[in-house]
Amino acid sequence: MRFGLCCLFLNELVTFRTTTAKALSALDRDEQLGKLSGICRDNVRNLLLALETVQRLGINAFRIMSPLFPRMTHPVVGYRLEDLPDGASIQLLLEKVRQFALHNDIRLSFHPDQFVVLSSPHPAVVRNSVRELEYQAQLAEAIGADVINIHAGGVYSDKRVALQRLCEVFTDLPDSVKVRLTLENDDTSYTVRDLLPVCERLSIPLVYDVHHHRCNPDGLSVEEATRMASETWGGVGREPYCHISSPRGGWDGGNPRPHADYIDPADVPACWRGLEMTVDVEAKAKELAVVRLMEDLDKGAEL
């Protein structure tokens, strides 16, 4: 297994900048682009630093924060990379990121925010979602990321109809999005069993979140869900991707959905041991949690 860090660090000195549409709206267009250019340049430099850091820590996957280029798809203050004064130098930095990830075998992914909903019955929501996915695909192409992972969205009183809408929207997505898009089971609405037919129909992989599956069971065992999700990745010739987390209050401590600071090694399915797969660690202690889990599993293997 290769383990992945999600977006941010707790102790390491790696940070990313952002801004708001309100702050940008107070500036004229040249000032907007100048400010955005500096933020995007700094963020790509820090993305390279992030990859250097995870490589040093022995972490082999990194989920990139969605607003690496903040407000890029905003209807009023949005922009293209070529609009920025530092656009050319930012492109060169993106290529450095791609080369570093390639040479160090660090798998890169994106996980768009919850407002990206392809199953929505509201056309404006779908348009905005597609625009965001196109932006993330542009970044993914530049740096060599192979996964843009989304949830199916809301049920809207009828799962079957909602998933049909998702399938119809998928058909019209650009190829740069289609080849990277994955679906993930969630902890309240869509289970592995719900999503597998969609993944098979669209020939897209399923990211299996074992914590979500435990919170929102569907009759499949963890072993069955792992095998069936892995088969969707085999169909496209890529390494399976999974998520792991532990409940903050334990499995008997009330609501199991909030994530703990660290991962209880007992929550890692035994059937995952020895598999070639990427596992994103979703824990509040960030890189500390990833490193501790790897150490805990190594100790367990030695016993």
remark   = Thr226 vs (1) closer than 20 Å to Leu293 by Cα; (2) touching a residue at least 60 places away in the same chain (Cβ under 8 Å): all pass except (2)
ask   = Within segment 190-223, how many residues are touching a strand residue (DSSP E or B) at 6+ places or on another chain (Cβ under 8 Å) and part of a loop (DSSP other than H, G, I, E, B)?
value = 3
inquiry  = Looking at (1) among the aromatic types (Phe, Trp, Tyr); (2) more than 25 Å from Ala270 (Cβ to Cβ); (3) surrounded by fewer than 20 Cβ atoms within 10 Å (Cβ to Cβ), which one does Tyr190 not meet, given that it meets all the others?
reply    = (3)
key: Condition broken by Pro265, with the remaining ones in (1) crowded, with 18+ Cβ neighbours inside 10 Å; (2) over 18 Å from the mean Cα position of the chain (by Cα); (3) not small (Gly, Ala, Ser) satisfied   = (1)
inquiry  = When you check Glu224 against the structure, is it modelled with pLDDT of 95 or more and either of a type in the set (A, V, I, L, M) or within 25 Å of Arg2 (Cα to Cα) (or both), yes or no?
reply    = yes
request  = Considering only residues that are in a helix (DSSP H, G or I) and out of contact with any helix residue (DSSP H, G or I) (no Cβ under 6 Å at 6 or more places or on another chain), look in segment 60-82 and name the one that is farthest from Asn128 (Cα to Cα).
outcome  = Glu82
ask   = Can you pull out the residues in segment 252-274 that are among the aliphatic types (A, V, I, L, M) and touching a strand residue (DSSP E or B) at 6+ places or on another chain (Cβ under 9 Å)?
value = Ala260, Ile263, Val268
request  = Among the residues of segment 263-300, write down those that are in contact (Cβ under 8 Å) with a residue 12 or more places away in the chain, part of a helix (DSSP H, G or I) and of a type in the set (Asp, Glu).
outcome  = Asp267, Glu287, Asp296
ask   = Taking the stated definitions as given, is Asp113 in contact (Cβ under 8 Å) with a residue 24 or more places away in the chain, of a type outside the set (A, V, I, L, M, F, W, C) and either part of a strand (DSSP E or B) or over 23 Å from Ala283 (Cβ atoms) (or both)?
value = no
inquiry  = Given (1) under 30 Å from Leu297 (Cβ atoms); (2) over 20 Å from the mean Cα position of the chain (by Cα); (3) in a loop (DSSP other than H, G, I, E, B), identify the lone condition not met by Phe16.
reply    = (2)
ask   = What tally of residues in segment 175-184 results from selecting those that are without any contact (Cβ under 8 Å) to a residue 40 or more places away in the chain, buried (at least 20 other Cβ atoms within 10 Å of the Cβ) and assigned to a loop (DSSP other than H, G, I, E, B)?
value = 0
key: Hits in segment 1-59 (condition: out of contact with any helix residue (DSSP H, G or I) (no Cβ under 6 Å at 6 or more places or on another chain), surrounded by 18 or more Cβ atoms within 10 Å (Cβ to Cβ) and of a type in the set (Val, Ile, Thr))   = Ile39, Thr53, Val54
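The values are calculated or read from the model by the stated rules, or taken from the named source; none is laboratory data. From a predicted model like this one, the values you see are computed outputs, not experimental measurements. With ideal geometry, Cβ positions are generated from the backbone for all residues, glycine too; neighbour counts draw on all protein chains shown.
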